[in-house]
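One structure below.
Just so it is clear, none of the values below were taken in a lab; they were calculated from the coordinates. All figures in this text were calculated on a predicted structure; none of them were measured in a lab. FYI the Cβ positions are ideal-geometry reconstructions off the backbone, even for glycines, and counts take in every protein chain you see.
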Amino acid sequence: AINVFWFRRDLRLDDNRGLYYALKDNAPVLLLFIFDKNILDDLPKDDPRVTFIHEQITVINQALQQKNTSLVVKYGTPDAVWNTLIKTHNIQKVYTNHDYEPYARKRDQSIADLLKNSNIDFITFKDQVLLERSEVTKENGEPYVVFTPYSKQWLKVISSKDYESLPSALLFENFVKQPFKPIINLDEIGFEHSKHSYPPSELSDTTLAHYKQERDYPARQGTSRMGIHLRFGTVSIRKIATAAKEKSSTFLNELIWREFYQMILWHFPRVVSENFQTKYNNLKWRNNEKEFEAWCKGQTGYPVVDAGLRQLNATGYMHNRVRMITASFLTKHLLIDWRWGEAYFAEKLLDYELASNNGGWQWAAGTGVDAAPYFRVFNPELQAQKFDPKQEYVKKWIPELTEGKYTKPIIDHKKARERAIKAYKMALE
Ligand code: FAD
């Protein structure tokens, strides 16, 4: 009999919790990755994240070749793949890591049931966060819905064990031995190879040392670009958090925001489609399609907003400060439903993470947990003066600006602000 380790959003061999415990068990381990049709069918055929995943599992497979084994890669729905696997292999246990997204929870429940019918155990581990689900709660056991008390409690609850890396590499003799097989090509699953470039997975000490001073300035290389790696597990959160703990409490605080939103998604999966604060359910969004298109293309006439969207469209990345400005502009200045902007980011961001994206959008719209109050409306020009004082960022993405003329703003700031406050107030009546 064998055990199976199933990779999902934890695409690394090193310090991978579920994999480590699978390798410590007493049966040889087969490694599995599924290109999930349920997810892939909804993505554009040149989606750069699929190329990224493909590259990462190729790296894993090359490492496995040295150990006389190979990654088993399947393409299909998880139900269908598992149905076949349990017929073709003598499987005793299946190991995997937790995933907190609603789709993943449903998928895992369905696979757990399927395996149970064949007397196969489904054993799961916390891997992608340091503290999950109800590990950080209020005294009465309820989840926090405000960040600051959550983060204080997080720092109280966390122990050195939570930061500890597990040496999976010492156990690499315990894989099922099998002939090496290259990974199925992207075109065989209907995708094109994307020419995007991806940030490296190293977190430098220099970034951490300057993070607090540099992180808010979109023209500088002041942030880590770890987003995509944390999303797909190509780095270990424990290693990143250990470096943060030692070198930058500001950076650690951002990682705690990530855990906060994962915890919120776990306890309140309804946020995926609904306002966290239901008191805004009557808000009358204007949802003007032409204005939405202008926003998507970076043609609102507000340079910092337009630069942000152009950076996103060209690179799959947008600086955090600019994410806040563009999201606030869409929801408040244009009164367009946050779900539209959220979906646009979800399609474009390389580091797209359901929990953080939803959290960020609902924060900007004022509908979320711990959200900005409705009467706080970012002034895009003041934001730009403060965080891009020399106009380096906007000029990089909007060459027309250098000539001194630029499109007229789609809406006057003062008018938009008044209109937003009125609409939000009316929703509360
Ligand atoms: P760094 O500043 O170097 O931070 C390091 C890591 O900490 C990030 O990679 C991320 O994992 C985490 N982090 C940092 N800030 C936040 C935050 N505010 N909330 C949650 N986690 C954070 N982050 C995503 O990972 N995926 C998203 O889809 C996403 N969508 C967002 C949408 C909006 C409207 C807003 C306002 C923010 C969003 N964020 C999202 C949070 C943040 O903007 C990005 O994590 C950050 O810009 C990624 O760049 P970085 O890796 O260089 O971050």
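For a Förster distance of 51 Å, can you work out the FRET efficiency between the beta-carbons of R220 and Q92, rounded to the nearest 0.05?
Details: r = 52 Å, r/R0 = 1.02.
Between R220 and Q92 the formula returns 0.45.
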Query raised in the report: At E254 and L43, where each label point lies 7 Å from the Cα along Cα→Cβ, what is the point-to-point distance in nanometres?
Result: 2.4
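Could you work out how much longer the chain between L155 and N287 gets when fully extended? Use 0.36 nm per residue separation minus the Cα distance between them, nm to one decimal.
Values: separation 132, 0.36 × 132 = 47.52 nm, distance 4.10 nm.
Value of the extension gain: 43.4 nm.
Just in segment 159-234: which GluC sites (Glu not before Pro) are loop by DSSP and have at most 16 other Cβ atoms within 10 Å?
Values: sites: E164, E173, E188, E192, E202, E214; in loops: E164, E192, E202.
Counting only loop positions with at most 16 other Cβ atoms within 10 Å, the GluC sites (Glu not before Pro) in segment 159-234 are E164, E192, E202.
With only Lys, Arg, Asp and Glu charged, each at its Cβ (+1 for the first two, -1 for the last two), find how big the charge dipole of segment 1-127 is about the Cα centre; round to the nearest 20 debye. Present the calculation step by step, with values, prior to reporting the outcome.
On the way: 17 positive and 17 negative charges, 62 e Å.
So the dipole magnitude of segment 1-127 works out to roughly 300 debye.
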Query - In Hz, Karplus ³J(HN,Hα) per residue of segment 36-47 (6.51, -1.76, 1.60; θ = phi - 60°; x = Gly, Pro) - result: 7, 4, 4, 8, 5, 4, 8, 9, x, 5, 10, 4
Query raised in the report: Mind listing which trypsin sites (Lys or Arg not before Pro) in segment 28-127 are in a DSSP loop and have 13 or fewer other Cβ atoms within 10 Å?
Result: K45
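Any idea what diffusion coefficient segment 278-428 gets from Stokes-Einstein, in µm²/s, Kirkwood Rh on alpha carbon pairs, 4 °C, 1.567 mPa s?
On the way: Rh = 15.4 Å.
Taking Rh from Cα pairs, D becomes 84 µm²/s.
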Query raised in the report: Which value results when the Cα radius of gyration for the chain is divided by 2.2 N^0.38 Å?
Result: 1.04
Report summary line: For the chain, the longest principal axis of the Cα atoms and the Cα long axis of helix 102-117 enclose an angle in degrees, to the nearest 10, of 20
Requested in this report: Could you check the simple spin-label distance between Q109 and D205, using points 7 Å along Cα→Cβ, in nm with one decimal?
Outcome: 4.8
Query raised in the report: Can you give the extra length, in nm with one decimal, that the chain gains between K414 and N117 once fully stretched, where that is 0.36 nm per residue apart less the Cα-Cα distance?
Result: 100.6 nm
Query raised in the report: Taking θ as phi - 60°, what are the ³J(HN,Hα) couplings along segment 204-218 by the Karplus curve (6.51, -1.76, 1.60), each to the nearest whole Hz, with x for Gly and Pro?
Result: 8, 5, 4, 4, 5, 5, 9, 3, 4, 6, 9, 5, 8, 9, x
Query raised in the report: For the chain, what's the relative contact order in percent, using C-alpha pairs closer than 8 Å and at least 6 residues apart?
Result: 17
Query - Zone of K195's modelled label, taken as backbone nitrogen in segment 281-315 under 14 Å from a point 7 Å along Cα→Cβ - result: 314-315
Report summary line: Rounded to the nearest 5, the percent of DSSP beta bridges in the chain running antiparallel is 5
Report task. Over the alpha-carbon set of segment 24-144, divide Rg by the Kirkwood Rh and report the Rg/Rh ratio to two decimals. Result -> 1.00
